[in-house]
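The values are calculated or read from the model by the stated rules, or taken from the named source; none is laboratory data. Because the structure is a prediction, the values reported are computed rather than measured. As a convention, Cβ positions derive from the backbone with ideal geometry for all residues, glycine included, and neighbour counts pool all protein chains shown. What goes into the accessible areas is simple: the full protein's heavy atoms, side chains included, and nothing from ligands, DNA or RNA. Shrake-Rupley method; radii C 1.70, N 1.55, O 1.52, S 1.80 Å.
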Amino acid sequence: MKLNNILNANTWLFLELIIIAVVAWAVFDPAVVNLYYRSLPLGYDSSQLLYAETEVNGSWSELVDGVPQDPYEMTEKRRDQILRQLTSVEGVESAYLYEQEYGAVGFSLPVFNECVVGGDTLYLAYIDFCSDAHFFETYGLKPLPGSPSAAELSRLSYQEQQVVLTRSGAIALFGTADVVGRRLTISSNDPAIEATVAGVVEDFRMSVSNTVRSMIIKPQKPQYTTCRYVIRLKKGLNAHRFVEEHGKELIGSGQMGFSRISRLTTFDEYLQQLELDDGRTQEVNRSLALALFFLVNLMLAVIGTVWLHAKRRTEECGVRRAFGATCGRLLFDFLWRNALLTTAAVAVGLVIYLNYAHSGIQVFNGEEYCETLYTIDAAILPTDKAWPEHFWPHFLVVSAVVYLIILCAVLIGTAIPAVKIVRARITEALREE
(Lines give C-alpha, C1' and ligand atoms only; values in the text may rest on other atoms or scores of the structure.)
Protein backbone atom coordinates (compact mmCIF):
# COMPACT_ATOMS: atom_id res chain seq x y z
CA MET A 1 0.00 0.00 0.00
CA LYS A 2 1.27 3.45 -0.82
CA LEU A 3 2.40 5.84 1.90
CA ASN A 4 -0.24 8.46 1.01
CA ASN A 5 -3.00 5.88 1.52
CA ILE A 6 -1.57 5.02 4.95
CA LEU A 7 -1.36 8.73 5.82
CA ASN A 8 -4.95 9.34 4.74
CA ALA A 9 -6.14 6.53 6.98
CA ASN A 10 -4.02 7.61 9.98
CA THR A 11 -3.78 11.39 9.73
CA TRP A 12 -4.23 12.10 13.42
CA LEU A 13 -1.71 9.45 14.45
CA PHE A 14 0.77 10.89 11.95
CA LEU A 15 0.40 14.41 13.37
CA GLU A 16 0.65 13.09 16.91
CA LEU A 17 3.91 11.28 16.11
CA ILE A 18 5.38 14.44 14.57
CA ILE A 19 4.73 16.36 17.79
CA ILE A 20 6.09 13.46 19.85
CA ALA A 21 9.29 13.42 17.78
CA VAL A 22 9.93 17.14 18.35
CA VAL A 23 9.29 16.92 22.09
CA ALA A 24 11.25 13.66 22.41
CA TRP A 25 14.33 15.30 20.89
CA ALA A 26 14.33 18.03 23.52
CA VAL A 27 13.73 15.50 26.33
CA PHE A 28 16.17 12.78 25.32
CA ASP A 29 19.05 15.04 24.24
CA PRO A 30 20.32 15.74 27.81
CA ALA A 31 19.78 12.11 28.84
CA VAL A 32 21.72 10.70 25.87
CA VAL A 33 24.63 13.12 26.32
CA ASN A 34 24.82 12.56 30.08
CA LEU A 35 24.76 8.79 29.68
CA TYR A 36 27.55 9.05 27.11
CA TYR A 37 29.77 11.14 29.38
CA ARG A 38 29.03 8.83 32.31
CA SER A 39 30.23 5.89 30.20
CA LEU A 40 33.62 7.48 29.47
CA PRO A 41 36.49 5.91 31.43
CA LEU A 42 38.43 8.13 33.82
CA GLY A 43 41.71 6.79 32.43
CA TYR A 44 42.87 5.44 35.78
CA ASP A 45 41.60 2.76 38.16
CA SER A 46 39.78 4.73 40.84
CA SER A 47 38.22 1.63 42.43
CA GLN A 48 41.51 0.81 44.21
CA LEU A 49 42.08 4.33 45.53
CA LEU A 50 41.36 5.97 48.87
CA TYR A 51 41.17 9.70 49.55
CA ALA A 52 42.26 11.38 52.80
CA GLU A 53 42.34 14.98 54.02
CA THR A 54 44.50 16.36 56.83
CA GLU A 55 44.54 19.20 59.29
CA VAL A 56 47.34 20.61 61.44
CA ASN A 57 47.70 19.48 65.07
CA GLY A 58 48.31 22.38 67.42
CA SER A 59 50.21 25.56 66.62
CA TRP A 60 53.86 24.45 66.96
CA SER A 61 55.82 21.22 67.06
CA GLU A 62 59.14 20.54 68.81
CA LEU A 63 60.97 18.60 66.09
CA VAL A 64 64.61 19.59 65.68
CA ASP A 65 66.98 20.09 68.65
CA GLY A 66 64.17 21.51 70.72
CA VAL A 67 63.59 24.36 68.27
CA PRO A 68 59.89 25.03 67.49
CA GLN A 69 59.12 24.26 63.87
CA ASP A 70 56.24 25.63 61.82
CA PRO A 71 53.68 22.79 61.65
CA TYR A 72 52.41 24.09 58.31
CA GLU A 73 55.79 23.80 56.58
CA MET A 74 56.33 20.64 54.56
CA THR A 75 59.90 19.36 54.51
CA GLU A 76 61.33 16.37 52.66
CA LYS A 77 61.76 14.62 55.98
CA ARG A 78 58.12 15.12 56.89
CA ARG A 79 56.97 14.08 53.43
CA ASP A 80 59.01 10.88 53.52
CA GLN A 81 57.75 10.14 57.03
CA ILE A 82 54.13 10.48 55.94
CA LEU A 83 54.51 8.26 52.90
CA ARG A 84 56.55 5.68 54.78
CA GLN A 85 54.01 5.35 57.58
CA LEU A 86 51.05 5.16 55.21
CA THR A 87 52.63 2.50 53.01
CA SER A 88 53.56 0.45 56.07
CA VAL A 89 49.85 -0.37 56.57
CA GLU A 90 49.10 -3.86 55.29
CA GLY A 91 47.24 -3.75 51.99
CA VAL A 92 48.55 -0.32 50.94
CA GLU A 93 50.59 -0.43 47.73
CA SER A 94 51.55 3.25 47.39
CA ALA A 95 50.51 6.72 48.52
CA TYR A 96 50.72 10.19 47.05
CA LEU A 97 50.31 13.58 48.69
CA TYR A 98 49.30 16.87 47.14
CA GLU A 99 48.75 20.25 48.69
CA GLN A 100 45.48 21.51 47.29
CA GLU A 101 42.60 20.64 44.98
CA TYR A 102 43.54 23.48 42.66
CA GLY A 103 44.90 21.86 39.51
CA ALA A 104 44.79 18.33 40.93
CA VAL A 105 43.33 15.04 39.74
CA GLY A 106 39.89 15.01 41.33
CA PHE A 107 39.44 18.76 40.87
CA SER A 108 36.31 19.56 38.87
CA LEU A 109 37.26 22.79 37.08
CA PRO A 110 40.31 22.77 34.78
CA VAL A 111 43.03 25.39 35.23
CA PHE A 112 44.71 26.32 31.95
CA ASN A 113 48.28 27.20 31.02
CA GLU A 114 49.19 29.11 27.89
CA CYS A 115 51.68 27.02 25.89
CA VAL A 116 53.59 28.18 22.82
CA VAL A 117 55.13 25.87 20.20
CA GLY A 118 56.48 27.21 16.90
CA GLY A 119 54.64 30.50 17.29
CA ASP A 120 51.27 28.80 17.91
CA THR A 121 49.60 29.40 21.27
CA LEU A 122 47.31 26.80 22.84
CA TYR A 123 45.73 26.42 26.26
CA LEU A 124 46.26 23.10 28.03
CA ALA A 125 44.74 22.06 31.34
CA TYR A 126 47.39 22.35 34.00
CA ILE A 127 48.12 19.87 36.80
CA ASP A 128 50.78 20.21 39.50
CA PHE A 129 52.22 17.15 41.17
CA CYS A 130 54.52 16.96 44.16
CA SER A 131 57.92 15.79 43.02
CA ASP A 132 59.18 12.41 44.27
CA ALA A 133 55.82 11.60 45.90
CA HIS A 134 54.67 8.64 43.71
CA PHE A 135 52.10 10.57 41.68
CA PHE A 136 52.05 8.47 38.48
CA GLU A 137 52.30 5.08 40.21
CA THR A 138 49.58 5.80 42.74
CA TYR A 139 47.03 7.00 40.20
CA GLY A 140 48.09 4.28 37.76
CA LEU A 141 48.71 6.63 34.85
CA LYS A 142 50.19 4.80 31.86
CA PRO A 143 53.29 6.17 30.06
CA LEU A 144 53.36 5.74 26.27
CA PRO A 145 56.08 3.64 24.63
CA GLY A 146 59.29 5.67 24.48
CA SER A 147 58.50 7.55 27.69
CA PRO A 148 60.16 6.88 31.07
CA SER A 149 58.36 4.62 33.52
CA ALA A 150 55.73 5.92 35.91
CA ALA A 151 58.21 5.78 38.81
CA GLU A 152 60.78 7.76 36.83
CA LEU A 153 58.24 10.41 35.87
CA SER A 154 57.20 10.77 39.52
CA ARG A 155 60.81 11.58 40.42
CA LEU A 156 61.08 14.53 38.01
CA SER A 157 62.54 17.55 39.77
CA TYR A 158 60.69 20.86 39.84
CA GLN A 159 64.07 22.56 39.32
CA GLU A 160 64.76 21.01 35.90
CA GLN A 161 61.90 22.65 33.94
CA GLN A 162 60.55 19.33 32.69
CA VAL A 163 56.90 18.53 32.04
CA VAL A 164 54.73 15.55 31.16
CA LEU A 165 51.95 15.71 28.56
CA THR A 166 48.89 13.57 28.01
CA ARG A 167 48.50 11.98 24.58
CA SER A 168 45.85 14.54 23.55
CA GLY A 169 47.98 17.37 24.90
CA ALA A 170 50.99 16.23 22.88
CA ILE A 171 48.91 15.91 19.72
CA ALA A 172 47.35 19.34 20.28
CA LEU A 173 50.77 20.98 20.64
CA PHE A 174 52.96 19.01 18.23
CA GLY A 175 50.58 16.99 16.05
CA THR A 176 52.05 13.71 17.31
CA ALA A 177 52.40 11.80 20.58
CA ASP A 178 56.10 11.04 19.97
CA VAL A 179 57.40 14.24 21.57
CA VAL A 180 59.82 13.19 24.33
CA GLY A 181 62.66 15.71 24.35
CA ARG A 182 60.72 18.38 22.45
CA ARG A 183 60.63 21.95 23.78
CA LEU A 184 57.75 24.33 24.51
CA THR A 185 57.24 27.70 26.16
CA ILE A 186 54.83 28.07 29.05
CA SER A 187 53.95 31.73 28.85
CA SER A 188 51.39 31.67 31.67
CA ASN A 189 54.28 31.75 34.14
CA ASP A 190 55.84 35.05 35.12
CA PRO A 191 58.39 35.02 33.67
CA ALA A 192 57.72 32.57 30.84
CA ILE A 193 59.73 29.36 31.03
CA GLU A 194 61.22 27.03 28.44
CA ALA A 195 60.32 23.45 29.31
CA THR A 196 61.29 20.04 27.95
CA VAL A 197 58.80 17.21 27.49
CA ALA A 198 60.04 14.42 29.72
CA GLY A 199 57.27 11.95 28.93
CA VAL A 200 53.77 11.35 27.60
CA VAL A 201 51.00 9.42 29.36
CA GLU A 202 47.67 8.06 28.15
CA ASP A 203 44.68 10.40 28.36
CA PHE A 204 42.76 10.65 31.61
CA ARG A 205 40.11 12.92 33.08
CA MET A 206 40.50 14.90 36.28
CA SER A 207 36.94 14.13 37.43
CA VAL A 208 33.62 12.72 36.23
CA SER A 209 32.39 16.23 35.36
CA ASN A 210 35.51 17.15 33.39
CA THR A 211 35.93 16.13 29.74
CA VAL A 212 39.26 17.88 29.09
CA ARG A 213 42.08 15.47 28.21
CA SER A 214 44.76 17.80 26.79
CA MET A 215 46.93 18.38 29.85
CA ILE A 216 50.36 19.54 30.87
CA ILE A 217 51.64 18.03 34.13
CA LYS A 218 54.42 19.84 36.02
CA PRO A 219 56.37 18.88 39.15
CA GLN A 220 56.39 21.20 42.13
CA LYS A 221 57.90 21.33 45.60
CA PRO A 222 55.50 20.47 48.45
CA GLN A 223 55.36 23.35 50.90
CA TYR A 224 52.50 22.82 53.35
CA THR A 225 51.57 19.99 55.67
CA THR A 226 47.82 20.46 55.15
CA CYS A 227 47.96 17.92 52.34
CA ARG A 228 45.53 15.50 50.83
CA TYR A 229 46.56 11.89 50.34
CA VAL A 230 45.64 9.48 47.58
CA ILE A 231 46.29 5.89 48.64
CA ARG A 232 46.40 2.93 46.25
CA LEU A 233 45.46 -0.46 47.61
CA LYS A 234 46.90 -3.73 46.43
CA LYS A 235 45.01 -5.60 43.73
CA GLY A 236 42.04 -7.63 44.85
CA LEU A 237 41.20 -5.48 47.88
CA ASN A 238 37.80 -3.84 48.14
CA ALA A 239 38.17 -0.13 48.93
CA HIS A 240 34.88 0.14 50.87
CA ARG A 241 35.65 -2.90 52.98
CA PHE A 242 39.22 -1.73 53.55
CA VAL A 243 38.00 1.61 54.94
CA GLU A 244 35.61 -0.21 57.28
CA GLU A 245 38.17 -2.75 58.49
CA HIS A 246 41.45 -0.81 58.41
CA GLY A 247 40.32 2.83 58.42
CA LYS A 248 41.27 3.42 62.05
CA GLU A 249 44.72 1.90 61.52
CA LEU A 250 45.27 4.04 58.43
CA ILE A 251 44.13 7.18 60.22
CA GLY A 252 46.43 6.29 63.12
CA SER A 253 49.33 6.03 60.68
CA GLY A 254 48.47 9.52 59.45
CA GLN A 255 49.03 11.14 62.87
CA MET A 256 52.43 12.79 62.54
CA GLY A 257 52.44 15.09 65.55
CA PHE A 258 52.24 18.11 63.26
CA SER A 259 49.23 16.93 61.24
CA ARG A 260 46.52 14.29 61.29
CA ILE A 261 44.07 12.67 58.88
CA SER A 262 40.67 14.29 59.37
CA ARG A 263 38.72 12.50 56.64
CA LEU A 264 39.10 9.13 54.94
CA THR A 265 36.89 7.74 52.19
CA THR A 266 37.12 5.84 48.93
CA PHE A 267 38.18 7.86 45.92
CA ASP A 268 34.98 6.93 44.07
CA GLU A 269 32.92 8.36 46.93
CA TYR A 270 35.06 11.49 46.83
CA LEU A 271 34.43 11.87 43.08
CA GLN A 272 30.71 11.32 43.60
CA GLN A 273 30.63 13.98 46.32
CA LEU A 274 32.58 16.34 44.06
CA GLU A 275 30.06 15.79 41.28
CA LEU A 276 27.21 16.34 43.74
CA ASP A 277 28.75 19.60 44.96
CA ASP A 278 29.12 20.78 41.36
CA GLY A 279 25.42 20.18 40.75
CA ARG A 280 26.17 17.61 38.06
CA THR A 281 24.52 14.73 39.93
CA GLN A 282 21.24 16.60 40.23
CA GLU A 283 21.39 17.61 36.58
CA VAL A 284 22.06 14.05 35.40
CA ASN A 285 19.36 12.56 37.63
CA ARG A 286 16.88 15.21 36.50
CA SER A 287 17.54 14.54 32.81
CA LEU A 288 17.24 10.76 33.25
CA ALA A 289 14.09 11.04 35.37
CA LEU A 290 12.47 13.33 32.81
CA ALA A 291 13.43 10.96 29.98
CA LEU A 292 12.00 7.97 31.88
CA PHE A 293 8.78 9.85 32.70
CA PHE A 294 8.39 10.87 29.07
CA LEU A 295 9.10 7.33 27.87
CA VAL A 296 6.40 5.84 30.12
CA ASN A 297 3.84 8.41 29.00
CA LEU A 298 4.92 7.94 25.39
CA MET A 299 4.24 4.22 25.64
CA LEU A 300 0.82 4.78 27.22
CA ALA A 301 -0.18 7.45 24.69
CA VAL A 302 1.00 5.47 21.68
CA ILE A 303 -0.61 2.25 22.88
CA GLY A 304 -3.92 4.03 23.44
CA THR A 305 -3.89 5.79 20.06
CA VAL A 306 -2.74 2.75 18.11
CA TRP A 307 -5.33 0.59 19.89
CA LEU A 308 -8.13 2.82 18.64
CA HIS A 309 -6.79 2.73 15.08
CA ALA A 310 -6.31 -1.03 15.23
CA LYS A 311 -9.83 -1.66 16.54
CA ARG A 312 -11.22 0.05 13.45
CA ARG A 313 -9.56 -2.63 11.32
CA THR A 314 -11.04 -5.57 13.22
CA GLU A 315 -13.73 -6.23 10.61
CA GLU A 316 -11.16 -5.91 7.82
CA CYS A 317 -9.02 -8.53 9.54
CA GLY A 318 -12.02 -10.87 9.82
CA VAL A 319 -12.73 -10.54 6.09
CA ARG A 320 -9.08 -11.16 5.16
CA ARG A 321 -8.89 -14.20 7.44
CA ALA A 322 -12.08 -15.55 5.83
CA PHE A 323 -10.29 -15.38 2.49
CA GLY A 324 -7.27 -17.29 3.84
CA ALA A 325 -4.96 -14.63 5.32
CA THR A 326 -2.85 -16.02 8.18
CA CYS A 327 -2.52 -14.42 11.64
CA GLY A 328 1.21 -13.87 11.04
CA ARG A 329 0.54 -12.08 7.76
CA LEU A 330 -2.06 -9.81 9.36
CA LEU A 331 0.23 -9.02 12.31
CA PHE A 332 3.09 -8.17 9.95
CA ASP A 333 0.73 -5.91 8.00
CA PHE A 334 -0.17 -4.00 11.17
CA LEU A 335 3.50 -3.61 12.15
CA TRP A 336 4.98 -2.52 8.83
CA ARG A 337 2.22 0.03 8.19
CA ASN A 338 2.78 1.73 11.51
CA ALA A 339 6.57 1.41 11.17
CA LEU A 340 6.37 3.22 7.83
CA LEU A 341 4.04 5.83 9.32
CA THR A 342 6.41 6.33 12.27
CA THR A 343 9.43 6.71 10.00
CA ALA A 344 7.72 9.39 7.95
CA ALA A 345 6.43 11.24 11.04
CA VAL A 346 9.77 11.18 12.86
CA ALA A 347 11.55 12.39 9.71
CA VAL A 348 9.23 15.40 9.54
CA GLY A 349 9.63 16.04 13.28
CA LEU A 350 13.43 15.89 13.04
CA VAL A 351 13.46 18.35 10.15
CA ILE A 352 11.41 20.73 12.26
CA TYR A 353 13.80 20.37 15.20
CA LEU A 354 16.81 20.67 12.90
CA ASN A 355 15.68 24.14 11.83
CA TYR A 356 15.42 25.16 15.48
CA ALA A 357 18.73 23.57 16.50
CA HIS A 358 20.67 25.03 13.60
CA SER A 359 19.52 28.52 14.52
CA GLY A 360 21.54 28.25 17.75
CA ILE A 361 24.96 27.84 16.11
CA GLN A 362 27.44 30.53 17.17
CA VAL A 363 31.01 31.00 15.95
CA PHE A 364 33.66 32.10 18.48
CA ASN A 365 37.38 32.26 17.66
CA GLY A 366 36.80 30.14 14.58
CA GLU A 367 35.04 27.38 16.56
CA GLU A 368 31.35 26.53 16.26
CA TYR A 369 29.17 26.26 19.35
CA CYS A 370 25.48 25.37 19.37
CA GLU A 371 23.45 26.90 22.18
CA THR A 372 20.38 24.80 21.40
CA LEU A 373 22.12 21.41 21.75
CA TYR A 374 22.93 20.05 25.19
CA THR A 375 26.59 19.75 26.23
CA ILE A 376 28.17 19.59 29.68
CA ASP A 377 31.47 21.23 28.79
CA ALA A 378 32.83 23.50 26.07
CA ALA A 379 36.12 21.81 25.20
CA ILE A 380 38.78 24.41 24.48
CA LEU A 381 40.75 22.28 21.98
CA PRO A 382 39.55 20.13 19.05
CA THR A 383 41.47 17.16 20.50
CA ASP A 384 39.20 17.23 23.56
CA LYS A 385 35.94 17.40 21.65
CA ALA A 386 33.68 14.37 21.37
CA TRP A 387 30.59 14.01 19.19
CA PRO A 388 28.35 16.09 21.54
CA GLU A 389 30.51 19.17 20.80
CA HIS A 390 30.07 18.82 17.01
CA PHE A 391 26.70 19.81 15.57
CA TRP A 392 26.06 17.16 12.91
CA PRO A 393 27.34 14.10 14.82
CA HIS A 394 25.39 15.31 17.86
CA PHE A 395 22.19 15.83 15.91
CA LEU A 396 22.43 12.53 14.03
CA VAL A 397 23.25 10.42 17.11
CA VAL A 398 20.40 11.82 19.21
CA SER A 399 18.04 11.66 16.21
CA ALA A 400 18.84 7.96 15.76
CA VAL A 401 18.12 7.34 19.45
CA VAL A 402 14.84 9.27 19.26
CA TYR A 403 13.77 7.37 16.14
CA LEU A 404 14.55 3.97 17.66
CA ILE A 405 12.71 4.81 20.91
CA ILE A 406 9.58 6.05 19.12
CA LEU A 407 9.68 3.15 16.65
CA CYS A 408 9.92 0.61 19.46
CA ALA A 409 7.09 2.33 21.35
CA VAL A 410 4.86 2.28 18.26
CA LEU A 411 5.65 -1.34 17.40
CA ILE A 412 4.98 -2.45 20.98
CA GLY A 413 1.83 -0.36 21.05
CA THR A 414 0.77 -1.91 17.75
CA ALA A 415 1.62 -5.50 18.64
CA ILE A 416 -0.38 -5.57 21.89
CA PRO A 417 -3.84 -4.92 20.36
CA ALA A 418 -2.94 -6.45 16.98
CA VAL A 419 -2.18 -9.86 18.47
CA LYS A 420 -5.59 -9.92 20.13
CA ILE A 421 -7.38 -8.74 16.99
CA VAL A 422 -5.80 -11.19 14.53
CA ARG A 423 -6.41 -14.11 16.92
CA ALA A 424 -10.10 -13.30 17.39
CA ARG A 425 -12.60 -15.69 15.89
CA ILE A 426 -13.63 -14.79 12.36
CA THR A 427 -17.32 -14.61 13.27
CA GLU A 428 -16.57 -12.24 16.19
CA ALA A 429 -14.33 -10.06 14.02
CA LEU A 430 -16.99 -9.74 11.33
CA ARG A 431 -19.56 -8.64 13.92
CA GLU A 432 -17.21 -5.89 15.22
CA GLU A 433 -18.37 -2.42 14.29
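With each label modelled as a point 7 angstrom along the Cα→C-beta vector, the Arg260-Gln282 pair spans 3.4 nm. Measuring r between the beta carbons of Cys408 and Leu354 and using R0 = 22 Å, the FRET efficiency lands at 0.50. Measuring between their Cα centroids, the range 268-283 and the range 389-411 lie 28 Å from each other.
Spin-label model, Ala289/Gln162: points 7 Å from Cα along the beta carbon direction are separated by 5.1 nm.
Measuring between their Cα centroids, the range 13-58 and the range 193-236 lie 24 Å from each other. Rounded if a/c is under 1.5, else prolate if a/b is larger than b/c, else oblate: which is the range 90-239, with a ≥ b ≥ c the root eigenvalues of its Cα gyration tensor? Prolate, because a/c is 1.5 or more and a/b exceeds b/c. From the alpha carbon centroid of the range 333-361 to that of the range 138-185 is 48 Å.
Applying 0.36 nm per residue to the separation of Arg38 and Thr87 and subtracting their alpha-carbon distance, the gain on full extension is 14.4 nm. Sites listed here are GluC sites (Glu not before Pro) in the range 119-212 whose DSSP assignment is loop and whose Cβ has at most 12 other Cβ atoms within 10 Å: Glu160. Averaged per residue, the range 264-305 has 51 square angstrom of accessible surface, using a 1.4 angstrom probe with ligands and nucleic acids left out.
In this simple spin-label model, placing a label point 7 Å from the Cα along the Cα-to-Cβ direction at both Ala347 and Ser187 gives a separation of 5.2 nm.
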